[in-house]
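S.K.: Dropping the structure in here first, questions after.
Computed from the coordinates by the stated procedures, all read-outs in this text should not be read as laboratory data. These numbers come from a predicted model, not from an experiment. Here the Cβ positions follow ideal geometry from the backbone for every residue, glycine too, while neighbour counts run over all protein chains shown.
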Amino acid sequence: MAGHGQGALQELGYKVHTAATHSDFLLRFSQAQYQVVVVEELFGANNLEENLTLTALQKMTSSTRRHATVLLVGDSFQTFVPMEAFQTQRSCGHQQFRAVFAEAARGKGRRGE
């Protein structure tokens, strides 16, 4: 996400924050209403099952995460399958990431056109 995602989101006019750890993510997410959350498949983990951030997002009530468009990126996931992040294959470049995000954001009535 570091290169492709940050650049694409900045081009779309978003301010980008990054979390170095799962604890950092939980703190940041609890203090601000993020419009976009991008989670790398292996963020702080050796495999998907160990990804505490993804697990926390999956277990959050919809009212807690309602304001955010959540994107899960990694080699194991398909493009344009919106609920795959919550159900627990391809990596994408900068332009593909931007296109995928813009499409998802339009679907939720967010910026990104």
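S.K.: Along its principal axes, what span do the Cα atoms of region 1-81 show, with the longest given first and each in whole Å?
M.R.: Per principal axis, max minus min of the Cα coordinates gives 32, 28, 26 Å.
S.K.: With bins 10 Å wide starting at 0, give me the P(r) of region 1-46 over every alpha carbon pair, in whole percents.
M.R.: Computed distribution, short to long bins: 24, 56, 20, 0.
S.K.: Let me ask something additional. Quick query: amide H of residue 39 versus all other amide H atoms, modeled in the peptide plane; which residues come in under 5 Å with a sequence gap of 5 or more or a different chain?
M.R.: Placed amide hydrogens put 71, 72, 73 under 5 Å from residue 39.
S.K.: What does the highest-first list of 15-21, 65-71 look like by mean Cβ count within 10 Å?
M.R.: Working: 15-21: 11.9, 65-71: 16.6.
Averaged packing, sorted descending, gives the order 65-71, 15-21.
S.K.: Then there is this: Extension gain residue 49-residue 66, at 0.36 nm per residue separation less the Cα-Cα distance, in nm?
M.R.: Using 0.36 nm per residue and subtracting the Cα-Cα distance, I get 3.8 nm.
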